[in-house]
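Input: a single structure, listed below in structure tokens.
The values are calculated or read from the model by the stated rules, or taken from the named source; none is laboratory data. What you are looking at is a predicted structure, and each value in this text was computed from that prediction instead of being measured. So basically every Cβ, Gly included, is an ideal-geometry build from the backbone, and we count neighbours across all protein chains shown.
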Amino acid sequence: MKKLKLFVTGCLLFCGLAIGQESGGMWIPTELNEAEMKQMGMRISASDIFNPNAPSINDAVAHFGGGCTSEVISPQGLLLTNHHCGFGQIQKHSSLENDYIKEWFWAKDHSEELTNPGLTATFIVDIQDVTDKILQGTTQEMEEAQRQAVVNDNIDIISANTVKEPYQDVFIRAFYKGNKYYLFITETYRDVRLVGAPPSAIGNFGMDTDNWSWPRHVGDFALFRIYADKNNKPAEYSEDNVPYQPKHFLPINASGIKEGDFTFVFGFPGTTNEYLPAVAIEQILEVTNPSRIGIRDVALKILMNKMKKDDATRIKYASKYARISNYHKKWTGESLGLRKSNAVQKKKDYEAEFTERLSQNPELKAQYGHLLGEFNELYANSNKFEKAENYFNEAIYGNSETFRVALLMSNLLKSYGSSNFSALKERYVNYLKGLYKNYDADLDQEVSLALIHLYKLDMPSEYQPAAGIQITEDTFRNSFITGKAEINGVSIIEDTEKAFENEISLLTALENDPLVQQISKIEEVYTEKVSIPRQAIQNQLNYLQRKYMKAQMEVFPDKLFFPDANSTLRVTYGKIDGYKPDDRPERYEPFTYLDEVMEKYIPGDYEFDLPAKLIELETKKDYGPYAVGKGKRAKMPVNFIASNHTTGGNSGSPVLDKDGNLIGINFDRVWEGTMSDLNYDPEICRNIMVDVRYILFIIDKFANANYLLDEMEIIR
């Protein structure tokens with residue numbers, strides 16, 4: 001396969017002459033290299049992508065709910081994102097009577113659009129480099145804690161004194177492991193309503209089996225709408241609010257795309273760690289991922305078994321299952337990709353060159369010659385804590401809702417008498433009211449007992465309570481957390497607020513609850529013997545990683561270094577391109593089509609069933625104006641892949657063509673390419689997108705919601 005070269009960009013910190021290289025890239029939009037992007041095929045200018053002083057594409061890209069990305073596609077604030085990004089809202093509006101997960105939802109007009117308390121859409125309106133101001137008063141000789149205290153004080157001062165509008169917010173983030181800092185001014189809209197969503201048989205077709213894989217055949221999209229006050233400014237929900245009028249919205253290119261076309265993705269990637277040493281990758285492969293995957297294996301098997309048998313459980317647990325399953329499969333693919341790409345050896349080769357260059361420069365060697373040796377020693381010391389940390393996070397906190405609530409109640413008990421007790425109690429009441437809406441005490445008990453069995457079996461005895469762990473079915477039966485024992489005369493599930501009313505009764509219940517007692521003992525041992533010593537090592541690693549980042553950029557002045565993702569606005573670009581996995585003789589093509597969906601169709605199957613109307617449209621080849629080809633040769637595009645470097649948080653990101661028009665939305669990566677968070681490899685790392693033509697086809701032909709198309713600008 002022809003090797004794809006990503007000509008990445010930026011006049012970045014400590015960089016010398018910029019050269020194209022095969023390293024992926026998630027670039028700060030204020031520092032794009034326009035010439036590089038145009039060399040790959042872009043026809044617009046960098047100022048068309050981001051411009052704080054005039055309408056530009058960034059004005060149409062919003063952080064959706066703080067975890068995904070979305071884009072404005074009409075002058076009336078119509079917002080497009082992934083089905084899985086809006087799944088929590090779709091689920092909350094669903095019931096056995098109105099199952100919007102299994103069926104669908106489309107508002108016929110503004111009055112039918114559904115409100116979503118707490119859902120936000122945040123736009124970045126300006127980005128400023130504030131490195132010099134943030135690092136003022138720091139020195140290289142400072143202890144890490146002292147340095148961070150100075151940095152934090154500077155962040156507070158600069159944030160408080162930044163000139164902005166009353167409806168705007170400001171935050172400052174570290175880049176390059178704390179070697180550089182940027183300030184962001186934002187506008188957050190808090191009235192975001194559900195407009196439409198296809199059934200899960202389209203929006204999540206293939207579910208867990210197809211997740212993180214290629215070929216894919218999923219219409220992973222949903223539509224929302226932003227509302228603003230009468231002055232078009234951010235506002236809390238009100239019946240008086242009106243559809244938001246954006247500074248810019250994305251035109252939609254429905255005229256077609258082909259292999260080799262330039263693409264760029266604009267969004268909010270979550271977290272990457274591209275510059276770790278080899279020993280850190282070894283720890284992920286040998287310790288971190290195996291423990292995470294093993295625990296989630298157990299939880300997922302129990303949940304799926306119940307969800308397949310009972311529709312009410314399926315609705316309750318659909319979002320939870322998707323969350324647990326998503327990263328379970330991601331970590332599995334990540335490990336596979338790291339091994340296939342020989343990532344550890346590549347890191348070691350890179351470190352050998354790093355060491356060789358240091359040997360030729362006595363000044364740099366004196367500053368940085370100790371780094372790799374110290375990394376090796378610290379990671380060796382942290383391995384025993386890493387496994388224990390993951391077992392606590394996964395078995396006690398992450399995948400058992402009952403245990404998580406017990407941890408919160410233990411924390412509330414410890415806070416009694418402090419100034420924040422009342423605020424903490426109020427916060428927990430609100431959290432529990434949401435949690436118990438979709439809580440099955442018996443099902444969670446089954447999961448929890450299986451997880452605590454693993455914990456007792458695999459967690460080293462030195463990190464368990466000396467008296468052992470005594471959690472049984474009786475423990476759940478006698479706990480108010482499960483709703484099977486009363487607190488303040490009521491079930492906490494049926495009336496959470498009343499359960500917390502009488503503080504004396506509450507404290508007595510907290511002190512005597514068997515689950516709170518057991519989980520509290522587990523947490524105390526974990527905190528003392530795992531969390532505290534592990535954090536001490538992590539603080540040292542953070543210090544070394546900051547120095548190592550600085551060292552790499554000085555030792556390799558001819559290499560481009562993009563900043564790791566940190567949930568801030570980024571641009572990544574590449575080309576539509578297939579790929580060839582090692583375990584397959586032929587190359588994967590970059591497009592999939594609706595006739596292939598029919599080949600996967602299994603009537604009544606949990607993952608591969610299809611709506612009757614979609615089958616009818618495919619059988620008749622009734623694709624409207626969205627197909628490729630004509631007559632009997634017509635095909636309906638569904639998904640495509642490209643070499644854009646994406647990660648979690650890029651879900652829902654707009655995929656744009658050379659002219660800045662929308663051609664799709666990002667929703668996934670190929671399984672082997674999930675390692676791109678740690679090791680981007682242009683041979684196999686591909687992002688997966690819904691073709692915008694499939695989105696328009698579903699809205700128009702399947703949902704008969706073409707009134708929504710009337711407010712879009714569609715290029716035929």
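Within the option set K613, K600, K632, being assigned by TED's automatic domain parsing to the domain that holds P198 and either surrounded by fewer than 19 Cβ atoms within 10 Å (Cβ to Cβ) or more than 30 Å from G270 (Cα to Cα) (or both) holds for one residue only, K632.
Report yes if some residue within the range 177-190 is more than 23 Å from G66 (Cα to Cα), of a type outside the set (D, E, K, R) and in contact with a helix residue (DSSP H, G or I) (Cβ under 8 Å, 6 or more places away or on another chain); otherwise report no. Within the range 177-190, one or more residues are more than 23 Å from G66 (Cα to Cα), of a type outside the set (D, E, K, R) and in contact with a helix residue (DSSP H, G or I) (Cβ under 8 Å, 6 or more places away or on another chain). The numbered conditions (1) out of contact with any strand residue (DSSP E or B) (no Cβ under 6 Å at 6 or more places or on another chain); (2) under 12 Å from Q128 (Cα atoms); (3) crowded, with 19+ Cβ neighbours inside 10 Å are all true for I185 except (1).
Could you say whether any residue in the range 105-123 is buried (at least 22 other Cβ atoms within 10 Å of the Cβ), at pLDDT below 95, assigned by TED's automatic domain parsing to the domain that holds A228 and closer than 28 Å to G664 by Cα? Scanning the range 105-123 turns up at least one residue that is buried (at least 22 other Cβ atoms within 10 Å of the Cβ), at pLDDT below 95, assigned by TED's automatic domain parsing to the domain that holds A228 and closer than 28 Å to G664 by Cα. Within the range 594-641, the set of residues being in contact (Cβ under 8 Å) with a residue 60 or more places away in the chain, of a type in the set (F, W, Y) and more than 20 Å from N706 (Cα to Cα) comprises Y606, F608, F640.
Look at E394 and say whether it is among the acidic types (D, E), closer than 26 Å to L506 by Cα and assigned by TED's automatic domain parsing to the domain that holds G294. Judged against the criteria, E394 is not a match.
Quick check on the range 475-494: of everything there that is out of contact with any strand residue (DSSP E or B) (no Cβ under 6 Å at 6 or more places or on another chain) and outside any loop (DSSP other than H, G, I, E, B), which residue is surrounded by the fewest Cβ atoms within 10 Å (Cβ to Cβ)? Selected residue: R477. Is at least one residue of the range 313-336 in contact (Cβ under 8 Å) with a residue 24 or more places away in the chain, within 28 Å of L372 (Cα to Cα), among the hydroxyl-bearing types (S, T, Y) and surrounded by 18 or more Cβ atoms within 10 Å (Cβ to Cβ)? There is at least one residue in the range 313-336 that is in contact (Cβ under 8 Å) with a residue 24 or more places away in the chain, within 28 Å of L372 (Cα to Cα), among the hydroxyl-bearing types (S, T, Y) and surrounded by 18 or more Cβ atoms within 10 Å (Cβ to Cβ).
A residue that is assigned by TED's automatic domain parsing to the domain that holds A352, more than 30 Å from K580 (Cβ to Cβ) and assigned to a loop (DSSP other than H, G, I, E, B) can be found somewhere in the range 301-314.
If the condition is being in contact with a Phe, Trp or Tyr (Cβ under 7 Å, 6 or more places away or on another chain) and under 13 Å from L594 (Cα atoms), then the range 616-660 contributes L617, Y623, Y626, A634, K635, M636, P637, V638, F640. Can you tell me which residues in the range 651-672 are surrounded by 24 or more Cβ atoms within 10 Å (Cβ to Cβ) and within 18 Å of the chain's Cα centre (by Cα)? Scanning the range 651-672 gives S651, G652, S653, P654, V655, I665, N666, F667, D668, R669, E672.
Of the residues making up the range 364-403, those that are touching a Phe, Trp or Tyr at 6+ places or on another chain (Cβ under 7 Å), hydrophobic (A, V, I, L, M, F, W, C) and under 20 Å from V287 (Cα atoms) are A388, F392, A395, I396.
Can you find even one residue in the range 169-181 that is over 26 Å from the mean Cα position of the chain (by Cα), under 30 Å from M549 (Cα atoms) and at pLDDT 95 or above? Within the range 169-181, none of the residues are over 26 Å from the mean Cα position of the chain (by Cα), under 30 Å from M549 (Cα atoms) and at pLDDT 95 or above. Those helices (runs of 4 or more DSSP H) of the range 495-560 in which 3 or more residues are surrounded by 19 or more Cβ atoms within 10 Å (Cβ to Cβ) occupy 503-512, 514-526, 532-555.
Output the residue which, of all residues in the range 397-455 that are of a type in the set (F, W, Y) and in a helix (DSSP H, G or I), is nearest to R314 (Cα to Cα). Result: Y436.
Restricting G333, G294, G369 to residues that are of a type outside the set (F, W, Y) and over 30 Å from S448 (Cβ atoms) narrows the list to G369. Would the range 642-650 turn up any residue that is of a type in the set (S, T, N, Q), in a loop (DSSP other than H, G, I, E, B), surrounded by fewer than 24 Cβ atoms within 10 Å (Cβ to Cβ) and out of contact with any Asp or Glu (no Cβ under 8 Å at 6 or more places or on another chain)? No. Test G417 against the stated conditions and say whether it is free of Cβ contacts under 8 Å to residues at least 40 places away in the same chain and over 35 Å from the mean Cα position of the chain (by Cα). In short, yes.
When Y227, Y317 are checked against the criterion of being more than 23 Å from the chain's Cα centre (by Cα), outside any loop (DSSP other than H, G, I, E, B), of a type in the set (F, W, Y) and more than 30 Å from F640 (Cβ to Cβ), a single residue qualifies: Y227. For beta carbons closer than 8 Å, sequence separation of 6+ or different chains, a first residue in the range 675-692 that is assigned by TED's automatic domain parsing to the domain that holds H328 and within 30 Å of P198 (Cα to Cα) and a second that is small (G, A, S) and part of a strand (DSSP E or B), there are no qualifying pairs. Exactly one residue out of P75, P52 is surrounded by fewer than 16 Cβ atoms within 10 Å (Cβ to Cβ), farther than 25 Å from Y181 by Cα and either modelled with pLDDT of 95 or more or in contact with a Ser or Thr (Cβ under 9 Å, 6 or more places away or on another chain) (or both): that is P75. One residue stands out among those in the range 340-372 that are hydroxyl-bearing (S, T, Y) and within 31 Å of the chain's Cα centre (by Cα): the one that is surrounded by the most Cβ atoms within 10 Å (Cβ to Cβ), which is S341.
Taking every residue in the range 204-219 that is closer than 11 Å to F608 by Cβ and in a loop (DSSP other than H, G, I, E, B) and pairing it with any residue that is among the charged types (D, E, K, R) and at pLDDT 95 or above, at least 6 positions away or on another chain, the pairs with Cβ-Cβ distances below 6 Å are H217/E596.
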